[in-house]
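Below: the structure, in structure tokens.
The values are calculated or read from the model by the stated rules, or taken from the named source; none is laboratory data. If you're wondering where the values come from, they're calculated on a predicted model, not measured in any experiment. Don't worry about glycine lacking a Cβ; one is built from the backbone with ideal geometry, like all the others, and counts go over all protein chains shown.
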Amino acid sequence: MNKITLKVIQGSLTGKTYHFEERATCVIGRALDCNILLPDDQAHSTISRYHCLLDISPPELCIRDFGSLNGTYVNGEKIGQRDIACDLNKAKQMIYPEYDLQHNDCFKLGESIFQVAIEKEETPEINQLNNNLNNEQGTQKITTSQSVDPLDKINLLLGKADDDNNDELIAIKGYNIVSELGKGSMGAVYLAKKEDDDKQIALKVMLPKVESDPKARGQFIRETKNTKLLDHNNIVRVYDIGCYDDTFFFTTDYCEAGTLSSLIKQSGGKLPLFEALKLLLQILSGLEFAHTVPIPVIVLANGKKTSATGLVHRDLKPGNIMLTKVNGELCVKIADFGLAKAFDVAGLSGRTATGVSAGTPFYMPRQQVINFKFAKPEVDIWAAAATFYKMVTGKHPRKYTKESDPWLTTLKSPVIPIRSYEPSIPEVLAEIIDQALVDQPEIYYKSAAQFKEDLLKVI
Ligand SMILES: Nc1ncnc2c1ncn2[C@@H]1O[C@H](COP(=O)(O)OP(=O)(O)OP(=O)(O)O)[C@@H](O)[C@H]1O
Ligand SMILES: [Mg+2]
């Protein structure tokens, strides 16, 4: 297993160690909710409340300064510090530079120095495969999602599905790609049609950001199998899940009316209040179901079996809320349930949780920024409320600016009461939405059913 250990080698916490074996984010500072909390005393007065962020994906990790007052130093070099005098254009260029940390690197905040130790697991299967490929085809290596076109991959697999009568590809046998529905950070989604009965499906192709090994692939498939239990009108139905070489694929319902984010854009940036409410109630129905669905068997990485209740999405946002039309009415279908978590747990996401390429935490509560692994149902409920906020105001609940790191903004900035942007929202309703967006010290609503019930009382 890949491991990262941080050891404090100078300062009052000297000797303390922090271990990471899984994907994590880690905020270091003096604010009480930091994962690595430095004492709020005179000796640490040069450390900011939220000083810097570590983005950890063993064996890789990177650090970025949060624009702290006194800066963060890596191996003696300053990597970031707030510059009050710096002009706006310069500040824009300076936004969130990240620094990769290597084994034995040291970073310093105030008087505290942390030393990094990285233990890297050798993956013989991949090395062997690379050697074979190198021998056969010169310098070719196992490729990752950055360098491969998902369409080439899926066409290759569709060809193989026909040729080989391959059991692993039976789910996509007989399908042809009709068009590309869209691309995301991990791959792409295609409309596919079955030759014999014209059945239409969405075929989602995910390519890992990092070299995958059989263990990671197994873990991902195990994690995602549970998504097949999500048989609910407001959740995209997953039919089959497969993996071939380093390509993961899913066959799901095709949602012909597109995403909620496109609908908002097409409607000029906002939706009428009543329409937004109807969509929110459907999102909450989907969440209520997923969060309480009994999961009969979970096979753990060590082979042991257990059971559990509920799946959490962890990446709910207008772009992951698909729509269909039923009798002229829009019907919500939540897509990608559990995928974000499964990819992370299996170590396939690469280091993208907070990176510049990771998108933005607009729909994430503070808890998810502080600790990326925080995956309780309430993060989805907060995200549903943030999605409603976007639908009716055209804005995000927190005010993000180009000059400030969005991850830091999520930690430091308050949620703006919804009526400040949209005074036409009835007060009783606004109160519930503002309540649903409380995330300090904890997220207010713990159950989608309760949020829905409160909404139904006032509309
Ligand atoms: N079931 C579906 N039916 C129709 N279109 C879909 C379906 N699933 C996804 N799409 C389209 O494909 C696009 C890409 O989806 P994908 O899940 O790969 O990325 P994303 O959700 O936009 O971004 P991210 O990588 O951050 O999750 C979506 O934005 C949507 O337009
Ligand atoms: Mg998606």
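Quick look at the numbers
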{"read-out": "Meets criteria (part of a loop (DSSP other than H, G, I, E, B) and either within 16 Å of ligand 1 (Cβ to nearest atom) or β-branched (Val, Ile, Thr) (or both)) for residue 231", "value": "yes"}
{"read-out": "Residue 401 being surrounded by 15 or more Cβ atoms within 10 Å (Cβ to Cβ) and among the hydroxyl-bearing types (Ser, Thr, Tyr)", "value": "no"}
{"read-out": "Hits in the range 302-328 (condition: at negative phi, in contact (Cβ under 8 Å) with a residue 40 or more places away in the chain and more than 12 Å from ligand 1 (Cβ to nearest atom))", "value": "311, 312, 325"}
{"read-out": "All positions within the range 2-17 that are touching a residue at least 24 places away in the same chain (Cβ under 8 Å) and either on the phi > 0 side of the Ramachandran plot or among the charged types (D, E, K, R) (or both)", "value": "3, 7, 11"}
{"read-out": "Residue in the range 236-251 that is more than 16 Å from ligand 1 (Cβ to nearest atom) and without any contact (Cβ under 8 Å) to a residue 24 or more places away in the chain present", "value": "yes"}
{"read-out": "Flag if residue 209 is within 16 Å of ligand 2 (Cβ to nearest atom), basic (Lys, Arg) and buried (at least 21 other Cβ atoms within 10 Å of the Cβ)", "value": "no"}
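Rundown of residues vs (1) within 16 Å of ligand 2 (Cβ to nearest atom); (2) modelled with pLDDT under 90; (3) in contact with a Cys (Cβ under 9 Å, 6 or more places away or on another chain), yes/no style:
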site: 288; (1), (2), (3): no, no, no
site: 291; (1), (2), (3): no, no, no
site: 299; (1), (2), (3): no, yes, no
site: 303; (1), (2), (3): no, yes, no
site: 308; (1), (2), (3): no, yes, no
site: 316; (1), (2), (3): yes, no, no
site: 325; (1), (2), (3): no, no, yes
site: 332; (1), (2), (3): yes, no, no
site: 340; (1), (2), (3): yes, yes, no
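Here's the yes/no breakdown for (1) of a type in the set (S, T, N, Q); (2) modelled with pLDDT under 95:
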| residue | (1), (2) |
| --- | --- |
| 364 | no, yes |
| 372 | no, yes |
| 387 | yes, no |
| 392 | no, no |
| 395 | no, no |
| 405 | no, yes |
